[in-house]
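Written out below as structure tokens is the structure these notes cover.
The values are calculated or read from the model by the stated rules, or taken from the named source; none is laboratory data. Worth saying up front: this structure is predicted, and the values here are computed from it rather than measured. Glycine also receives a Cβ, built like all others from the backbone with ideal geometry; neighbour counts cover every protein chain displayed. Remember, those area values only see protein heavy atoms, side chains included, never the ligands or the DNA or RNA. Shrake-Rupley method; radii C 1.70, N 1.55, O 1.52, S 1.80 Å.
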Amino acid sequence: MKGYIFDFNGTLIFDSAFNEAAWRKLVRDKGGKEISDEAFLKFVHGKSNDIILEYFFGRKFSKDEAERLGEEKEVIYRNMCLAQGENFRMADGAEEMFAKMKQRNIPYAVATSSHRPNVDFYFKTLHLERWFSHENFIYHDGTFPGKPAPDIYLRAAARIQCAPAACVVVEDAPAGILAAQNAGIPEIIGIGEGKEGRELLRREWDIPVIADYRSVDFNENGELLFAD
């Protein structure tokens, strides 16, 4: 049986607009710079805060300084999420998909570049304990390099006791797709909130792409069936 590993931000929740707005505010306030849409795609989505900060400010930060600035951005981001009320939720079809996976004992995990405060926030606000434990929700804890390094996907595969070659990854960002490829995971599915983003994934990476999880199902062998 295959194992499934999901990125989280932009993949299981469509929060890219809030992440982008929070980064724009931080970089504008602290560095007087504006961030282009292209820069977001190449240097923000899927990457950890320390890597993002180094790119936008052009220097390395101490661990404490990176954590402080990163958390300042995340506070802005989390407040934006909370302001959505009930509209801050999992992507369409995701809850039903995980219910099927649990019922059929299909192994799955999350591999996210988010840090612990955001993970705690997601568990509290989205009630993720319905589908996840902290053991199968792997986040960037500072003990391994971030995407596009393969480490987080290798760790996720080990947690669900699947060889990387037997895993499927669902991703929305170039850094995450590269991380999965670097981990030796042969099957990658793209997901995108907007039509333009989905077309870009298809064009740049030549992978199947879905809009959400409403059409997802599994055959008797636990293999994913989907249609866009």
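Amide H neighbours of Gly3 under 5 Å, counting only residues 5+ apart in sequence or on other chains, H built in-plane at 1.01 Å?
So Gly3 has HN proximity to Cys167, Val168.
Given the options Phe40, Leu26, Ala163, identify the residue whose Cα lies farthest towards the positive end of the charge dipole of the chain (+1 on Cβ of Lys, Arg; -1 on Cβ of Asp, Glu).
Looking along the dipole axis, the top candidate is Leu26.
Taking the Kirkwood radius as the inverse of the mean 1/r across Cα pairs, report the Rg/Rh of the chain. The partial results should precede the final answer.
Values: Rg = 16.9 Å, Rh = 17.8 Å.
Radius of gyration relative to Kirkwood radius: 0.95.
Enumerate the calculated ³J(HN,Hα) couplings along region 189-203 in order (Karplus 6.51 cos²θ - 1.76 cosθ + 1.60, θ = phi - 60°), each rounded to whole Hz, writing x wherever the residue is Gly or Pro.
Values, residue by residue: 10, x, 9, x, 5, x, 4, 4, x, 5, 5, 5, 4, 4, 6 Hz.
Per residue, how big is the convex hull of region 8-67 when only Cα atoms are used? Give it in Å³.
On the way: hull volume 5.0 nm³, N = 60.
In region 8-67, the Cα hull volume divided by residue count equals 83 Å³.
May I ask you to list the lysines whose Cα is less than 19 Å away from that of Lys147, ignoring any residue fewer than eight positions away on the same chain?
Result set, ordered by chain and number: Lys42, Lys47, Lys60, Lys63.
Return the FRET efficiency for the residue pair Glu72, Ser36: r is the Cβ-Cβ distance, R0 is 22 Å, and the value is rounded to the nearest 0.05. Please list the in-between numbers first.
On the way: r = 22 Å, r/R0 = 0.99.
Working from the Cβ atoms, E equals 0.50.
Please report, in debye to the nearest 20, how large the charge dipole of the chain is about its Cα centre when each Lys and Arg carries +1 at its beta carbon and each Asp and Glu carries -1 there. All intermediate terms of the calculation are to be shown ahead of the outcome.
On the way: 29 positive and 37 negative charges, 82 e Å.
So the magnitude is around 400 debye.
Given points 7 Å out from each Cα along the Cα-Cβ axis, report the Phe123 to Ala163 separation in nanometres with one decimal.
3.3 nm
Net charge near Ile106, counting Lys/Arg +1 and Asp/Glu -1 over other residues with Cβ under 11 Å of its Cβ? Walk me through the numbers before you get to the answer.
Details: positive: Lys2, Lys100, Lys102, Arg104; negative: Glu223.
Result for the local shell: +3.
Can you pull the accessible area of Trp205 for me, 1.4 Å probe, Å² to the nearest 10?
That residue has around 60 Å² of solvent-accessible surface.
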